[in-house]
Structure formats: structure tokens, C-alpha cells
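Encoded as C-alpha cells, the structure appears first; notes follow it.
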């Protein structure tokens with residue numbers, strides 16, 4: 001997916017579109033969502049799964065992924081440029 005396609009994404013995309021943006025297959029994408037390992041927020045509305053495009057684009061531009069299972073305090077403690085927890 002090129003820059004023009006990324007900038008034209010709607011606010012929410014389906015899993016296959018998000019997978020294409022990341023350059024991975026849809027099967028792997030669904031496996032990551034199912035296991036809770038998808039690197040951006042995931043919205044579930046019944047059986048419908050949508051990925052907000054803004055965090056996806058931020059990830060593609062080099063931002064550290066928000067870890068869903070990590071407590072907010074832990075994320076705040078991470079170094080903003082490296083994503084590592086200071087020692």
C-alpha cells in the first residue's frame with residue numbers, strides 16, 4: 001500500500017485492509033487479532049472487527065505500537081523514542 005492509499009483510508013478499516021497496509025497476509029492478521037497481539041487498537045462490535053486507521057498509520061511511520069495488555073502506567077514509563085523502560 002503506497003502513501004496515497006494510506007492517506008485515503010477511512011477512519012476504520014477491516015482486518016484485510018489493515019493487513020495489506022502492514023504487508024502481511026490476512027490469515028496472520030486475524031491470528032494476531034485473535035491472540036491479542038495486533039499492534040494497534042482493535043474495535044470489536046459483535047462479530048465485526050475494525051482497526052482504527054490513525055494508529056495504524058502512526059505505526060507505519062515508526063511510532064511504537066500500543067500494547068493492549070500493558071497497563072497505562074507502564075506505557076507512560078517507557079522512553080518516548082526507544083519504547084524501552086528506563087532502568
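The values are calculated or read from the model by the stated rules, or taken from the named source; none is laboratory data. Computed from a predicted model, the values in this text were never measured in an experiment. Backbone-built Cβ (ideal geometry, glycine too); neighbour counts: all protein chains shown.
So here's what we get for this one:
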{"read-out": "Condition check for residue 81: at pLDDT 90 or above and surrounded by fewer than 12 Cβ atoms within 10 Å (Cβ to Cβ)", "value": "no"}
{"read-out": "Residues of region 1-17 that turn out to be part of a loop (DSSP other than H, G, I, E, B) and either in contact with a helix residue (DSSP H, G or I) (Cβ under 7 Å, 6 or more places away or on another chain) or in contact (Cβ under 8 Å) with a residue 60 or more places away in the chain (or both), as a count", "value": "4"}
{"read-out": "Single match in 50, 34, 75, 20 (criterion: part of a strand (DSSP E or B) and either surrounded by 13 or more Cβ atoms within 10 Å (Cβ to Cβ) or at pLDDT 95 or above (or both))", "value": "50"}
{"read-out": "Filtered residue count, region 18-47, keeping only those that are free of Cβ contacts under 8 Å to residues at least 24 places away in the same chain and under 15 Å from residue 57 (Cβ atoms)", "value": "3"}
